[in-house]
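For reference, the structure discussed in these notes is given below.
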Amino acid sequence: MEEEKGYAGVAASSVPSYANGDNGEVPMRKGSIGFGEAADLYGDEETAEHYGYVSRGLKSRHIQFIALGGTIGTGYFLGIGSAFADAGPLSVLLGYTLTGIAIYGMMQCLGEMATWLPLPGAVPQYCARYVDPAMGFAVGWNNWYSSALTLCAEISAASLVIGFWNDSINQAAWITIILVVIIALNIFAVSIYGEAEFVFASIKIITILGLLILALVIDLGGVPGQDRIGFRYWHHPYAAMIAYVGKGNTGRFAGLFSTLVNAAFSYGGVEMVAVAAGEAENPRKNIPKAVKRVFWRILFFYVLGTLFIGMICPANDPGLTAGGAGARSSPWVIAIVRAGIPALPSIINAVILTSASSSGNAFLYTGSRYLFALAQNGQAPRFLLKCTKKGVPIWCVLITASFGLLTYMTVSEGANNVFNWFQTLTTITSLFTWCSILVAFLRFRKAMEAQGVNRDKDLIFKSKWQPYTAWAALSFFVIIIVFNGWKVFTDGNWNVQSFITAYVVIPIYFAFFLFWKIFKRTKFVKASEADIWSGKAALDAEVWPEQHPRNVFEKIWFWIA
């Protein structure tokens, strides 16, 4: 009889039991959803009882709002300003649109894998199972430190934003308060995190919709005392596409390309829906629903947002590059100030503060789940598998949160400089994550074919136009990674720090890969042997109750959330 395979293709009999000893935690209840999944993945009930497992405490509305607004943070409100100043409104619109198309293609691929097998952390497991355990190790640790650094970037931005109202108090005080709040939202139960993200995302979505309407009013001359703007800022003496570094068409193309990196930072963390799939109720229904809504998030928030900003804020406004405290450098606020609308800038600043805190909260969650996934893969210390009785991987949360202490560097180096440094590093790590997802999907697709799974009949969610979508998105992201630091190679722009921040992630990723490849002598996973089954049986056995709307209001709410 063939030996039963455990997690990530490891034989179940080889998974050690750590049931000895009393750790003071309440053991998992046999028969629970978490217990069934843990026992299926770890290979025995004793290990599942000892460590516990994450709980499926994220409701449908949590998942849908995380998908819509979970990682919309400072990149959308603040970081986009420098892109407008460097490249112009049309370049930003095209850059965000092209990147958004590639992101949507990547999310289609990830959605198919996450619906078939929704696991906490997700991405490292898929890479380890379908491509090579060394790739799972590389992308897992890459994702973890990326999330930890993004946590720092968002806390740094939040402390910068508070300076809009009061810059006399030492930033360390604000950093401490924000960090404590974010840890508190993550450490007790995943449902608390879900509720916080539901509230934060609701604020962001309502604000963005309001800003889009306001931008249209301003542009059409609806503000008293203001004339119609139209596309005035796209014509002389302004420019739709600004020549960046070079001149003429070459400079305009360089400006367009520079927006791709900025867009990648703004889209960073979009894969969070799949990371949360392992803790979502009824993932076979809620994950496809959330993945499909990523398209509307890209269209309404990013594409329409960049179009409207370019219509109401001139790219040559000095405030875009002044680096002022808080929302002063936000193109949204600059446009509102130019329109002479009082009070709104402070309101927008408050939203940016909640957005930064929300993104920090989301990336602490994501980072802790990546660390948990590595421990499940046997690529991180086993004690990291320990979950509280509420299903929170406590050590993963605390260790990831400890990296937030790096944010105190802003006190001496300046919050704006540190934010820009973190932004560059985390952008490239996000691109590597997306490339890894696409490679894993291509191998997952081969494994499905080799093992007789009919994608048309057996898949609940099937990604579109494959494998062309995956290959096109992969090529797009690779091009950005390779050429993201192109500016330092032009005349007069060489800068050692800029070169390192642009390219240091590449050797780090491959160093992780080669370390595990050599240390464990891993082999490339054959399609016929890829583990597409471990952990699936327990989930397939679960029956989730159907929700039936009782009235028209519930029908609308069920459609939204």
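Scanning the range 446-481 for residues that are farther than 30 Å from Ser258 by Cβ and without any contact (Cβ under 8 Å) to a residue 24 or more places away in the chain, we see that the one that is surrounded by the most Cβ atoms within 10 Å (Cβ to Cβ) is Arg455. Within the range 169-182, one or more residues are surrounded by fewer than 23 Cβ atoms within 10 Å (Cβ to Cβ) and assigned to a loop (DSSP other than H, G, I, E, B). Can you tell me how many residues in the range 483-512 are under 15 Å from Thr433 (Cα atoms) and touching a Ser or Thr at 6+ places or on another chain (Cβ under 7 Å)? Number of matching residues: 1. The condition of being of a type outside the set (Lys, Arg) and on the phi > 0 side of the Ramachandran plot does not hold for Gly95.
Every listed requirement among (1) open to solvent by less than 10 Å² (accessible area, probe 1.4 Å); (2) more than 21 Å from Phe265 (Cβ to Cβ); (3) touching a Cys at 6+ places or on another chain (Cβ under 9 Å); (4) not acidic (Asp, Glu) is met by Met113 save one, (3). The residues in the range 353-384 that are open to solvent by less than 10 Å² (accessible area, probe 1.4 Å), touching a residue at least 24 places away in the same chain (Cβ under 8 Å) and touching a Pro at 6+ places or on another chain (Cβ under 7 Å) can be counted, and the count is 6. Of all the residues in the range 277-302, those that are touching an Asp or Glu at 6+ places or on another chain (Cβ under 9 Å) and buried (at least 24 other Cβ atoms within 10 Å of the Cβ) number 2.
Among the conditions (1) free of Cβ contacts under 8 Å to residues at least 24 places away in the same chain; (2) open to solvent by 10 Å² or more (accessible area, probe 1.4 Å); (3) out of contact with any helix residue (DSSP H, G or I) (no Cβ under 8 Å at 6 or more places or on another chain), the only one that Gly251 does not satisfy is (2).
Selection within the range 319-350: residues that are open to solvent by less than 10 Å² (accessible area, probe 1.4 Å) and among the β-branched types (Val, Ile, Thr). The member of this set that is modelled with the lowest pLDDT is Ile348. Any idea which residue in the range 189-224 is modelled with the lowest pLDDT, counting only those that are surrounded by 15 or more Cβ atoms within 10 Å (Cβ to Cβ) and part of a loop (DSSP other than H, G, I, E, B)? Selected residue: Ala189. Selection over the range 530-544 of residues that are assigned to a helix (DSSP H, G or I) and surrounded by 13 or more Cβ atoms within 10 Å (Cβ to Cβ) gives a count of 3.
The residue of the range 393-417 that is farthest from Ile178 (Cα to Cα), among those that are modelled with pLDDT of 85 or more and open to solvent by less than 10 Å² (accessible area, probe 1.4 Å), is Pro393.
Thr501 meets the conditions (1) within 23 Å of Met107 (Cβ to Cβ); (2) assigned to a helix (DSSP H, G or I) in every case but one. The failed one is (1). For the range 306-318, check the following and say yes or no: at least one residue is open to solvent by 20 Å² or more (accessible area, probe 1.4 Å), assigned to a helix (DSSP H, G or I) and in contact with a helix residue (DSSP H, G or I) (Cβ under 8 Å, 6 or more places away or on another chain). Checking the range 306-318: at least one residue is open to solvent by 20 Å² or more (accessible area, probe 1.4 Å), assigned to a helix (DSSP H, G or I) and in contact with a helix residue (DSSP H, G or I) (Cβ under 8 Å, 6 or more places away or on another chain). On the basis of being in a helix (DSSP H, G or I), modelled with pLDDT of 90 or more, crowded, with 22+ Cβ neighbours inside 10 Å and among the hydroxyl-bearing types (Ser, Thr, Tyr), does Tyr126 make the cut? So Tyr126 passes the test. Using the structure shown, decide if Thr150 is surrounded by fewer than 24 Cβ atoms within 10 Å (Cβ to Cβ), touching a helix residue (DSSP H, G or I) at 6+ places or on another chain (Cβ under 7 Å) and of a type in the set (Ser, Thr, Tyr). Taking the combined requirement at face value, the residue does not satisfy it.
The values are calculated or read from the model by the stated rules, or taken from the named source; none is laboratory data. Every value quoted in this text rests on a predicted model; they were computed, and no experiment measured them. A quick note on method: Cβ atoms are made from the backbone with ideal geometry, for glycine too, and the neighbour counts reach across all protein chains shown. Heavy atoms of the whole protein, side chains included, go into the accessibility calculation; ligands, DNA and RNA do not. Shrake-Rupley method; radii C 1.70, N 1.55, O 1.52, S 1.80 Å.
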